[in-house]
Amino acid sequence: MLLPGFLVVFPLVVALLLFCIRGEKARDMLVVGGAVVTAVASLAMVSMNIGASYTPLAFSSPAIDYLCTAIGVVIAAVVVYFAVRFKNLWAGGLAVIQLVLSLVFEVGFAHGLEVPNGLYYDSLTLLMVFIIGVIGSGICVYALGYMKDFQAHQPKGEKDRRPFFFGLMFLFLSAMYVIVFSNNMIWLFTGWEITTVCSFLLIGYTRTEEAMRNAFRQIIMNIAGGIGFVVALFAAAIQMNTLDLSVFLAQGAAHPEVAVLAVTALAFAGLTKAAQMPFHTWLLGAMVAPTPTSALLHSSTMVKAGVFLLVKLAPVLAVCAVPQAMVVLIGGLTFLLCSCLAISQSNAKRVLAYSTIANLGLITACAGVGTAEAVWAAAFLILFHAIAKSLLFLCVGTAEHHIGSRNIEDMDLLFERMPRLARFMIIGIMCMFIAPFGMLLAKWATLVSFVDGGHLVLILLLAFGSAATFMFWAKWMGKLSGIAGRPQNVEETVHRSEWGAIVTMVFLVFVGCVGLPLISNALVEPYLLGVFNADLQTLSDDNLWLSAFLSALVIVVLLVGLERTAKARKVNVYLSGITVDSDTRSFTNSLSGSTEATARNWYLDDWFGEGKLTKPAHIGTATIIVAAFVCAIVLILL
């Protein structure tokens, strides 16, 4: 009880202090200290409960119930304030609707439904605690150096709003701990909505027209998901007479016909938070925010809350046909379509965004399948995506500040201009799509679970989506790994806080890949045994250990062997002709003129451009969601 409470309260206290502290040195010390303490406490929580099954914590408090109601009112007031200020009727209207529904539920339905075990943890919770505490805290430390450069590029006289920024970052971490520890569904909903409003404020941090437009897109879509969550609370209270998450899941698995509406509504909330089609545009819009915001939303917090809820629902989805069909189809289509859309992007952050949405789609599909093998795959997809994607976002942010662009086409010779950073980016990219790294093993386990379940459509979506994934990652890695010419090394000015966070993420990639068999045995399999009560039939331990050894070998080669390559003697570029200027890679052409050698990736915009795929994807996925709700309501009425 002590550690879960500490992990919820401590980042909250740090956030409140950061809102008030204006001095840069004091803020730096508080951020680093808060991040280290949060990470250490998270690791302690994980290490002390290795192999834990479901562990309820006897804790309930009417004061916290009233506090949750007050927080809901404050959140609605914040959204309405900004909606009035920026004249956005949809955001204000939806916020009022959600607040009214929440208050009606609190007054008329929630009282009398006791949840004596308000908190809990299990092995899936511990996995999320590691992601939130270590990866999330690392991103906060990275933000110190990044935001110094960001503030330096602001117009002279611009107000320094970094205290607000860092306060929101730690508030985000606290809310995520509330989500993963809450067994009381009202407390879970409160944490859910805090992450929504924090994301809104972080995306709109610069208050530019573009930033506020994208922030309102996020808040509108996620409040729609929040309304779905409230509908689920009504259905759970009226039809199942409980707000206890563990009881809800047990009753839902035993009597899916009773839980169909509640599970469909909860799954809808999870889909919006996880930025699944047709709601994926809010996550793309988040790219306008400073890079630490993008990294936090994409890797360890906002979207992970969505897939965490879906994975928790997996045992019910496996036996509840209507929400299962919705989740499986939305997840599979999102994986395929966003993987294809990523091919047409040259903006590195946009590639990362589409890749994030695609991988979340794969996790969503696994949750929808709902078997032990599919959930095993989903857990490792969550873990390796969080580590590798946070590493890549941090690297792209640092590269953008030092080469002046986030365009992949401008990353030619990055291995020369920023040799260490380029190697770290290559490790992150390889972790996402190349054997023997953990992400590909998780995808293989995903394929096995789809085959065993007879999901032919999902198998096809996975096959074609994975081919698209290979194409866009390989294009980017090719740009990074080219070595030619003598460009200036510009990474000497990277802040130590940025290096510290980036190196931490590289270390986590190494530990995650090498320790994959141990993580499976200590965290993932105990959860599956407790939930499904069956032996797990997945990849053999021998294959896992072989993958771990090969992953370690590849990373060592990249970090050590390529260090020597970077320091090797430079020679002139050979251009199969008469070289004019080696530094600019120009040569004498067949007409005795001068031509500069260039290389550009193939983006297939005519086939996979956003204008080609986005509209039909929106129509198709929205139709699936509407059909699922209609079917769920009809089944309840019958």
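The values are calculated or read from the model by the stated rules, or taken from the named source; none is laboratory data. Everything numeric here is computed off the predicted structure, so don't read it as measured data. Glycine also receives a Cβ, built like all others from the backbone with ideal geometry; neighbour counts cover every protein chain displayed. Remember, those area values only see protein heavy atoms, side chains included, never the ligands or the DNA or RNA. Shrake-Rupley method; radii C 1.70, N 1.55, O 1.52, S 1.80 Å.
Setting aside same-chain residues fewer than 8 positions from residue 475, which aspartates and glutamates have a Cα under 15 Å from its Cα?
Within the straight-line limit of under 15 Å, residue 475 reaches these aspartates and glutamates: 409, 410, 412, 605.
Would you mind getting the accessible area per residue of the chain, heavy atoms of the protein chains only, 1.4 Å probe, in Å²? Could the numbers behind the result be given before it?
Details: 23990 Å² over 638 residues.
Ligands and nucleic acids excluded, the figure is 38 Å² per residue.
Give me the one-decimal nm value for the distance between modelled label points at residue 637 and residue 109, 7 Å along each residue's Cα-to-Cβ direction.
Output for this residue pair reads 1.8 nm.
In nm, give the distance between the simple-model label positions of residue 409 and residue 607, each being 7 Å from the Cα along the Cα-to-Cβ direction.
Going from the residue 409 label point to the residue 607 one covers 1.9 nm.
Past 26 Å, Cα to Cα, is the threshold; run 148/273; 87/273; 25/389; 87/612; 349/443 against it and keep the listed order.
From 148/273; 87/273; 25/389; 87/612; 349/443, over 26 Å: 148/273; 25/389; 87/612.
How much length is gained if the chain between residue 594 and residue 13 is pulled fully straight, taking 0.36 nm per residue apart and subtracting their Cα-Cα distance, in nm to one decimal? Present the calculation step by step, with values, prior to reporting the outcome.
On the way: separation 581, 0.36 × 581 = 209.16 nm, distance 6.32 nm.
Full-extension gain reported as 202.8 nm.
If you build the Cα gyration tensor of the stretch 85-208 and take the root of 5 times each eigenvalue, what three semi-axes come out, in whole angstrom, biggest first?
Details: eigenvalues 210, 110, 14 Å².
So the three semi-axes of the stretch 85-208 are 32, 23, 8 Å.
Any idea of residue 153's accessible area? Nearest 10 Å², probe 1.4 Å.
About 140 Å², rounded to the nearest 10.
May I ask you to rank 510, 248 by accessible area, largest first, using a 1.4 Å probe over the protein chains only? Numbers along the way, then the final one.
Numbers: 510 70, 248 0 Å².
Largest accessible area first, the list is 510, 248.
Local charge sum around residue 65 (other residues, Cβ-Cβ under 12 Å, Lys/Arg +1, Asp/Glu -1)?
Cβ neighbours under 12 Å give a net charge of -2.
Have a look at 19, 44, 322 and report the one farthest towards the positive end of the charge dipole of the chain, computed about the Cα centre with Cβ charges (Lys/Arg +1, Asp/Glu -1).
Of the options given, the answer is 19.
Okay, helix-only estimate at 222 nm for the chain: each DSSP H run of n ≥ 4 adds -39500 (n - 2.57), divide by all residues, round to 500 deg cm²/dmol; what do you get?
After summing the helix terms and dividing by residue count, I get -23000 deg cm²/dmol.
Nearest 0.05, what FRET efficiency do residue 241 and residue 53 give at R0 = 35 Å with Cβ-Cβ as r?
Efficiency at R0 = 35 Å is approximately 0.85.
In whole Hz, what ³J(HN,Hα) sequence does the stretch 302-314 give by Karplus (6.51, -1.76, 1.60; θ = phi - 60°), x for Gly and Pro?
2, 5, 5, 4, x, 6, 4, 4, 5, 5, 4, 7, 3
Between the stretch 133-197 and the stretch 595-638, how many Å separate their Cα centres?
30
Which of (1) 1.36; (2) 0.97; (3) 1.02 is the computed Rg/Rh (Cα atoms, Kirkwood Rh) for the structure on display?
Only one option fits the structure, namely (2).
Roughly how many percent of the accessible protein surface of the chain is carbon and sulfur, given a 1.4 Å probe and a whole-percent answer?
Here carbon and sulfur together make up 67 percent of the probe-accessible area.
Determine the distance separating the Cα centre of the stretch 86-110 from the Cα centre of the stretch 333-383; give it in Å without decimals.
So the two Cα centres are separated by 31 Å.
How do 452, 28 rank by accessible surface area computed with a 1.4 Å probe, from largest to smallest?
Solvent-accessible surface, decreasing: 452, 28.
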